[in-house]
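Single-structure report; data block below.
The values are calculated or read from the model by the stated rules, or taken from the named source; none is laboratory data. This is a predicted model, so every value here is computed, not measured. Glycine also receives a Cβ, built like all others from the backbone with ideal geometry; neighbour counts cover every protein chain displayed. Only protein heavy atoms, including side chains, enter the accessible area calculation; ligands, DNA and RNA are left aside. Shrake-Rupley method; radii C 1.70, N 1.55, O 1.52, S 1.80 Å.
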Amino acid sequence: MKNISYVIVCICSLLFLGCASIPPTTVTLTQEIIKEADEMHQLNIILVNQLFEERKQVINAFITNEYTPTIIKKYEALLPDSLDYKKALPNIMKSVIPVINRKKDSLQNVLSDQQQNIITSLNTNYVSYSKATIALQQLINSAVKLKKAENNALSSIQDLTGDSVDVKKVESTIDGLLIKTGTDMSKLLEVNNILKLN
């Protein structure tokens, strides 16, 4: 019975050796961090939209307060002094308004393109971040579940064997053996690579 218990302890220890110890609260913490990142992304989008809305207002103010008076003065200079402005005003406006609107539309389109590029970039980066955090969350969830399963298995082994087998000692011995084997394999791979080069 002792030999079977020892074999069971060895097999279980091998299965659980590579598991990092991750506290169960890490799951909740990473979920909160992901939630905070989602809110930050939404805030970034709102701020970008607000910034560009303010820029559009600046353009509108520029068109109204600076560009339009300058264009009107330019057109006035082109008109002869003998012209009756009251009669010609509708025709003058038909000529001036399209020029003003083209300028305004041109500036607004540049802003809209910039805004869309920034939002697209933010969304692309967020999608990449989101995929990475989902994968991280899944890894953490798995690690926590694995750690719980390891603790349950070790507890069951301890219950089966009593005090006749020191599970922690067996685990540390196997861990040392695996580390040494990994180091030796690394050296063998280096030798193999050197032989391949020659």
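Just name the residue that is farthest from the chain's Cα centre (by Cα) out of those in the stretch 24-58 that are of a type in the set (Lys, Arg) and surrounded by 14 or more Cβ atoms within 10 Å (Cβ to Cβ). Please lay out each step first, then the result.
Of the stretch 24-58, the ones of a type in the set (Lys, Arg) are 35, 55-56.
Next, only the ones that are surrounded by 14 or more Cβ atoms within 10 Å (Cβ to Cβ) stay: 55-56.
On the way: 55: 27, 56: 29 Å.
Going through the qualifying residues, I end up with 56.
From the set of residues in the stretch 1-23 that are closer than 18 Å to residue 137 by Cβ and surrounded by 13 or more Cβ atoms within 10 Å (Cβ to Cβ), which is modelled with the highest pLDDT?
Top of the filtered list is 22.
Do we find that residue 105 is at pLDDT 85 or above and open to solvent by 90 Å² or more (accessible area, probe 1.4 Å) in this structure? Full working, then the answer.
On the way: at pLDDT 85 or above: yes; open to solvent by 90 Å² or more (accessible area, probe 1.4 Å): no.
It is false that residue 105 is at pLDDT 85 or above and open to solvent by 90 Å² or more (accessible area, probe 1.4 Å).
Name the pairs whose Cβ atoms lie under 9 Å apart, with the first residue in the stretch 140-153 and farther than 15 Å from residue 30 by Cα, the second of a type in the set (Gly, Ala, Ser) and at pLDDT below 80, and 6 or more positions between them or separate chains?
147/20; 147/21
Do you know which residues across the stretch 59-86 are assigned to a helix (DSSP H, G or I) and open to solvent by 100 Å² or more (accessible area, probe 1.4 Å)?
65, 66, 73, 74, 78, 85, 86
Among the numbered conditions (1) within 30 Å of residue 133 (Cβ to Cβ); (2) assigned to a loop (DSSP other than H, G, I, E, B); (3) among the hydrophobic types (A, V, I, L, M, F, W, C), tell me where residue 27 comes up short.
Of the numbered conditions (1) within 30 Å of residue 133 (Cβ to Cβ); (2) assigned to a loop (DSSP other than H, G, I, E, B); (3) among the hydrophobic types (A, V, I, L, M, F, W, C), the odd one out for residue 27 is (2).
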